[in-house]
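**Q** Quick one: the structure is below, questions incoming.
The values are calculated or read from the model by the stated rules, or taken from the named source; none is laboratory data. What you see is a predicted model; the values in this text were computed from it and never measured. Here the Cβ positions follow ideal geometry from the backbone for every residue, glycine too, while neighbour counts run over all protein chains shown. These accessible areas exclude ligands, DNA and RNA; they are computed on the full protein's heavy atoms, side chains included. Shrake-Rupley method; radii C 1.70, N 1.55, O 1.52, S 1.80 Å.
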Amino acid sequence: MLVFDTLKQLAGRLPQTPAGSPRLVLAPVLVLALFANTAVADPPRLHHYQLTISEDLKTLAVRAELASRVRTIRSRNSDTAEFVSGLTSCAGQPLKRSGRSIELPPSVSCLTYRFDLAGAAASQRRSWVTLAPSNLLIKPSDWLFRPRVSAESELELKFDLPPGVMLSVPWPDGDQPGTYRLGASPGSSDAMLALGTFEQREIAVPGASLRVSLLRDDQGAMDGDKMGAWLKQAASGVALAHGRFPNPSPQVIVVPARGSRSSPVPFGRVIRDGGEAVQFFVDPDRSLEDLLGDWTATHEFAHLLLPYVKDRWVSEGFASYYQNVLMARSGYYSELKGWTKLHAGIERARAVRPLMSPAATSGRGRMPRMMVYWSGSALALLGDVRQRQLSGGEESLGIVLGRLADCCLPSATTWDAERFFAQLDELSEHKVWMDLFRQHAKSPGVPDLTALYAQLGLEIGADDQIVLNDSAPRADLRRALMGPAVEGIAADR
């Protein structure tokens, strides 16, 4: 009756024939349109995986029950093939593996195999990290033979863990307790699972809760309070970009790496593989002050403000821009230090390849690191300033990224630079981003910032050092960009 009543109402609004009757010949079209608008997508098929860890953490037993006919399942890493054994159907029929692929006979939709966790972990261990024997870092790409995942087909994984053993995964929870869902994602790098006896913490930051695992090395546990304070401050600083942390529940793995002379955080990376995760290698002997003064965590967390953009001059450039802006807003850099470090990075890019365009850094082969990391920073700065100028301070890059987080993050797809800039314009009242992209992305060198610097009051003094001029026309805008947050609330909100 509801559909019929709706059709009558729609028909009553149609143009009348000369006889005064509505043109009901269009009713079939209306029916189709009505049902098209109310259709509900079918839930994805679930391939069920039971994963059993041995008590000594040396072996993983896999049982895969596939929801539909699958001809081939694959792992993403053929280098660990030597650690796979006992490959059979659930009925005991031996199966053959070729590299990273398993061809399944038509009658087989359930299979089992074993994986040597300890052997694989030892083969990939970094020389400068010595984890405790009870701690493992493993990659699902090493052992997970699976069908292709998509909007129509996902994996449900359930782990059977020994008593007292903890697990950290990047994947969202499944429908059943103790299960996880693995769906489509960019696959920017290989996901990491932490397994063993280590400290786990939930750290609340604006708009999110970080799922943190603090691994142990051969010298024992890290100072959980110190590590928690550092991560909370760094993630809260990134929330200053638009008022909240961009991912509501990312996986964070902290790996001890003692004795680093270069930095208290010698390495960090973002991984988007079935879920978003951040991994840090940290010298646990360094002080909290040293950790808070280091930009690595701010840079890595800032990557999550964007989807995975395969053009690294965008992803690294915007993260490098924000590492300085947000360190200043958080109070760990002065305004002068923030501008000095941002200027120095952009100038290094300008010097290393003056004729290379930002887009050219997305080509194959080894690319100049400074161009990859800093050419995009210049575009981020130009766009941020231009939006603030056009809007009288009511719109900024941070505000637009907040809208991006609301509509599109976390994203299950890989973006390119043009799609990203176009999306920024779609979400902006003042369209500046595609103009910048067309003007600079494929043009030689880093954009000229001379006129912008003059407006903001950024003068180049002796030895190429930044000098702040507070009498410049838009010195107020310069201070707003790098200025500290007021009462813990970002200006970009």
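**Q** Please report the antiparallel percentage of DSSP beta bridges with both residues in the chain, rounded to the nearest 5.
**A** Approximately 75 percent, going by the DSSP bridge assignments.
**Q** On the protein heavy atoms, probe 1.4 angstrom, tell me the percent of accessible surface of region 250-323 carried by carbon and sulfur.
**A** About 45 percent, which is the carbon plus sulfur part of the accessible surface.
**Q** Next question. Return an integer: the convex hull volume of the alpha-carbon atoms of region 49-138, in Å³ per residue.
**A** Residue-normalised Cα hull volume stands at 98 Å³.
**Q** In the structure displayed, which of Lys226/Lys310; Lys158/Lys226; Lys58/Lys232; Lys58/Lys96; Lys337/Lys442 lie more than 27 Å apart, Cα to Cα? Could the numbers behind the result be given before it?
**A** Working: Lys226/Lys310 34 Å; Lys158/Lys226 33 Å; Lys58/Lys232 34 Å; Lys58/Lys96 24 Å; Lys337/Lys442 30 Å.
Flagged as over cut-off: Lys226/Lys310; Lys158/Lys226; Lys58/Lys232; Lys337/Lys442.
**Q** Sticking with this one: When only alpha-carbon atoms are used, what values of Rg and Dmax, in angstrom, describe the chain?
**A** Taking only Cα atoms of the chain, I get Rg and Dmax of 26.7, 92 Å.
**Q** Provide Rg over Rh for region 301-447; use the alpha carbon set for both Rg and the Kirkwood Rh (inverse mean inverse pair distance).
**A** The Rg/Rh ratio comes out at 0.94.
**Q** Alpha carbon centre of region 50-122 versus region 366-428: separation in Å?
**A** 42 Å
**Q** Give me the Å³ per residue figure for the convex hull around the C-alpha atoms of region 155-302.
**A** Measuring per residue, one finds 118 Å³ for the Cα hull of region 155-302.
**Q** Suppose R0 equals 25 Å. What FRET efficiency, 1/(1 + (r/R0)^6) with r the Cβ-Cβ distance, do Thr52 and Thr414 give to the nearest 0.05?
**A** The calculated FRET efficiency here is 0.15.
**Q** On to the next question. Carbon-plus-sulfur fraction of the accessible area of region 372-493, 1.4 Å probe, in percent?
**A** Of the solvent-accessible surface of region 372-493, carbon and sulfur hold 48 percent.
**Q** Step by step: find N for region 314-379, compute 2.2 N^0.38 Å, then divide the Cα radius of gyration by it. What's the final number?
**A** Compared with the compact-globule rule of thumb, region 314-379 sits at 1.14.
**Q** May I pose another question? How high is the FRET efficiency from Ile460 to Arg369, r the C-beta distance, R0 22 Å, rounded to 0.05?
**A** 0.40
**Q** Please calculate the 1.4 Å probe accessible area of Thr413, with all protein chains present, and give it to the nearest 10 Å².
**A** Spelled out: Thr413, probe radius 1.4 Å, area about 60 Å².
**Q** Is there a quick way to get the dipole size of the chain? I mean about its Cα centre, with the Cβ of Lys and Arg at +1 and of Asp and Glu at -1; what is the value in debye to the nearest 20? Walk me through the numbers before you get to the answer.
**A** Working: 54 positive and 53 negative charges, 283 e Å.
The dipole magnitude comes to about 1360 debye.
**Q** Give the dimensionless ratio obtained when the Cα radius of gyration of region 89-143 is divided by 2.2 N^0.38 Å.
**A** Working: Rg = 15.5 Å, N = 55, 2.2 N^0.38 = 10.1 Å.
Dividing the Cα Rg of region 89-143 by 2.2 N^0.38 Å gives 1.53.
**Q** Turning to a different aspect of this structure: At 1.4 Å probe size, with no ligands or nucleic acids counted, give the accessible surface of Thr361 in Å², nearest ten.
**A** About 10 Å², ignoring ligands and nucleic acids.
**Q** Let me ask something additional. Per residue, how large is the accessible surface of the chain? Use a 1.4 angstrom probe and give square angstrom.
**A** Per-residue value: 46 Å².
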